[in-house]
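Since the structure comes first, as structure tokens, the remarks are kept for the end.
The values are calculated or read from the model by the stated rules, or taken from the named source; none is laboratory data. In this text, all values refer to a predicted model and were calculated from it rather than measured experimentally. Here the Cβ is made from the backbone with ideal geometry for all residues, glycine too, and neighbour counts use every protein chain on show.
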Amino acid sequence: MFFAVMQAGLPLVRAGKLRALAVSGAKRALAIPELPTVAEAGVPGFAFDSWNGVHVPARTPAVLVAKLNAALVNAIGQQDVHARMFDLGLEPAGTTAEEFGAFVKADIARWAKVIRDAGVRVE
């Protein structure tokens, strides 16, 4: 048993080479909606969503960030790009740089709390 990222695992599931038991996210995956979440499968409260994003150095000029963000949002909005990403099990969503920054900060805070609460130490 293992956890696989959707873009690596879904093709194997579709080919019948891997049996999927559940998705780790808080909600069912759009690409494979018949598959329950881990929480639905019997582990209440379990939710781990992986995500991908584009980052730039902290001092990148705002005008450049806006231009890059607009190009990326436009790209994932293209039907062929969106369809390819969806086929891989990804759920593309374009946001503003500010929304993405807030999301990243919240995710860091969430996992920092998990690490603190569990007493995880680097060895």
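For R121, state whether it is surrounded by fewer than 12 Cβ atoms within 10 Å (Cβ to Cβ), modelled with pLDDT of 95 or more and either among the basic types (K, R) or within 26 Å of Q7 (Cβ to Cβ) (or both). Explain how you work it out, then say what you get.
Working: surrounded by fewer than 12 Cβ atoms within 10 Å (Cβ to Cβ): yes; modelled with pLDDT of 95 or more: no; either among the basic types (K, R) or within 26 Å of Q7 (Cβ to Cβ) (or both): yes.
For R121, the condition - surrounded by fewer than 12 Cβ atoms within 10 Å (Cβ to Cβ), modelled with pLDDT of 95 or more and either among the basic types (K, R) or within 26 Å of Q7 (Cβ to Cβ) (or both) - is not met.
If you go through segment 25-55, how many residues are farther than 27 Å from A97 by Cβ and out of contact with any helix residue (DSSP H, G or I) (no Cβ under 8 Å at 6 or more places or on another chain)? First the steps, then the outcome.
Initial filter on segment 25-55 (farther than 27 Å from A97 by Cβ): 28, 32-46.
Keeping just the survivors that are out of contact with any helix residue (DSSP H, G or I) (no Cβ under 8 Å at 6 or more places or on another chain) gives 28, 33-46.
Going through segment 25-55 one residue at a time, the tally reaches 15.
Which of the residues that make up segment 74-92 are of a type in the set (S, T, N, Q) and outside any helix (DSSP H, G or I)? Working first, answer last.
Restricting attention to segment 74-92, the residues satisfying the condition of being of a type in the set (S, T, N, Q) are 74, 78-79.
If the condition is that a residue be of a type in the set (S, T, N, Q) and outside any helix (DSSP H, G or I), then Q78 is the only one that fits.
Taking segment 1-20 only, how many residues are over 19 Å from E91 (Cβ atoms) and surrounded by 14 or more Cβ atoms within 10 Å (Cβ to Cβ)?
1
Report, by residue number, each residue of segment 76-92 that is surrounded by 13 or more Cβ atoms within 10 Å (Cβ to Cβ) and hydrophobic (A, V, I, L, M, F, W, C).
Within segment 76-92, I76, V81, M85, F86, L88, L90 qualify.
Look through V81, V65, V43 and report the one residue that is under 18 Å from the mean Cα position of the chain (by Cα) and either of a type in the set (A, V, I, L, M, F, W, C) or not assigned by TED's automatic domain parsing to the domain that holds A97 (or both).
Working: V65 fails: under 18 Å from the mean Cα position of the chain (by Cα); V43 fails: under 18 Å from the mean Cα position of the chain (by Cα).
After applying the criteria, what remains is V81.
Would you say A106 is among the aliphatic types (A, V, I, L, M) and surrounded by 11 or more Cβ atoms within 10 Å (Cβ to Cβ)? Outline the logic, then answer.
Working: among the aliphatic types (A, V, I, L, M): yes; surrounded by 11 or more Cβ atoms within 10 Å (Cβ to Cβ): no.
No: the conditions fail for A106.
Out of all the residues in segment 48-57, is one or more out of contact with any Ser or Thr (no Cβ under 7 Å at 6 or more places or on another chain), within 18 Å of A93 (Cα to Cα) and polar (S, T, N, Q)?
yes
Among the residues of segment 35-70, count how many are at pLDDT below 95 and acidic (D, E).
1
Identify, from the list A75, A97, A66, the residue that is farther than 23 Å from R14 by Cα and free of Cβ contacts under 8 Å to residues at least 12 places away in the same chain.
None of the other options fit; the residue is A75.
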